[in-house]
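Written below as structure tokens is the structure these notes are about.
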Amino acid sequence: MEEALAEARLQLEKEDEELEKAISGVAVQTKEFEDDIVQFEEFDLQMERKRQQLQQLQNLLFVDQLSLSFHKTPAPPKAGESVGDGVKAD
């Protein structure tokens, strides 16, 4: 009877150790997942900043193109004027 009891205790200790190892492994994996999530969030934030910078550059380019097109295009003649009326001949 005592031998069976000792064997049962030994088996219980073995299962307890296996359970502790499994819990430890889960804890390590959880920490790795948390680290990966933090790293991904930092990367996502960096990408959002880059996207905003790109949008600002696109907006500046559009403003520059618009400004350039206004400076290149001659003003249309005013009502009642012909194209040559604005030039004075001496």
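Residues of region 3-23 that are modelled with pLDDT of 95 or more and of a type in the set (Asp, Glu): Glu13, Glu15, Asp16, Glu17, Glu18, Glu20. Residues being open to solvent by 90 Å² or more (accessible area, probe 1.4 Å) and of a type in the set (Gly, Ala, Ser): count how many of those fall in region 24-57. Count: 0.
The values are calculated or read from the model by the stated rules, or taken from the named source; none is laboratory data. Fair warning: this is a prediction, and the values are worked out from it, not measured in the lab. The accessibility values were calculated without ligands, DNA or RNA, using every heavy atom of the protein model including side chains. Shrake-Rupley method; radii C 1.70, N 1.55, O 1.52, S 1.80 Å.
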